[in-house]
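Down below is the structure, laid out as structure tokens.
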Amino acid sequence: MRYRIWLLTILASVSVGVSPLRAQALLPHTTQINFGNLEEQALNLAREAAQLAQFEQYDLALPRARLAAQIAPKAFQTQGILGSIYLRQEKYTEAIASLMMANKLKKNEPTILFSLGAAYLRNKNYPEAIANIKQGLAIEPKSSTAMFDLGNAYFLTKRYDEAVDVYKNVLALDNKFWAATNNIGLVEYERGNVDQAIGRWQSSLKQAQKIEFLAAEPTLALATAFYRQGDRSKAIQLAVEAMKIDPRYGKVSYLVENLWGDRLIDDVKVVLAQPQVKKILDESDLSTRQIPKPRFN
């Protein structure tokens, strides 16, 4: 499943200026607060937190975001960035609480509504996810990523016709949005339209190739469909290729997270059990276990 975190857009709303952080630079753990202009400093802290989060430095980002929200609790930017960081860390209850506060402080801000919708989506509250994303799209209708989240919410509630319509709208805005094409394939497979699903996944791969991206998901999905149709040699070749690209797709739990339905899951289990495919997965697990853990002095 692909969820969009709207941290960068929220960051753009923090208009105070600070020097950009570099990926390698770690800020000191102690933050000095000047009580002359607390709100401005809170927004600076929020910006620092957002930039650190972009580099997945959450141990540094989260304390700054929390402090920013404590100093300026009525600034929607501080609450929004704190909520987005919680969302990135999969702390959905905390994310929803902060984003709801941001939404109260800044009504009809699509960035907040989209992020809140994503949090509800991850927390499996699909009605609230749909409601918030649709509210945001009513204000900002050309957000392909928010629209994609809406399609996913429809898919998860088995509203397949609406999901396909939304995915097609995503593609009308961005014809390189390969994940939308891929997900139409997921819908068609669950409906029993295997040939249509194959066509979508082949198109998805072409879209991904245009942006020089190796897409494991449609590759494995194609392997599953071909195996079901009896072309086992081609299926195994594709499955091995998919596992070399991203072995995470060899885990059923990860496939479920990525919206794979019951029918596709049942069929892919047979493919993943093939010796050639299993060999790649076993080698991947072994290499992961052999990576030494970093030591900290």
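Here, each number is a calculation from the coordinates, and none is a lab measurement. Keep in mind the model is a prediction, meaning the values are calculated, not measured. All Cβ positions, glycine included, derive from the backbone under ideal geometry; neighbour counts span all protein chains shown.
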Here the residues within the stretch 148-162 that are surrounded by fewer than 24 Cβ atoms within 10 Å (Cβ to Cβ) and either assigned to a helix (DSSP H, G or I) or of a type in the set (Phe, Trp, Tyr) (or both) are TYR154, LEU156, TYR160, ASP161, GLU162
Quick check: anything in the stretch 204-227 buried (at least 21 other Cβ atoms within 10 Å of the Cβ) and of a type in the set (Asp, Glu)? yes
What is the number of the single condition among (1) under 23 Å from ASP282 (Cα atoms); (2) loosely packed, with under 14 Cβ neighbours inside 10 Å that GLY230 does not meet? (1)
First in the stretch 241-266 and without any contact (Cβ under 8 Å) to a residue 40 or more places away in the chain, second anywhere and exposed (fewer than 14 other Cβ atoms within 10 Å of the Cβ) and not acidic (Asp, Glu), Cβ under 6 Å, 6 or more apart: ILE245/LEU214
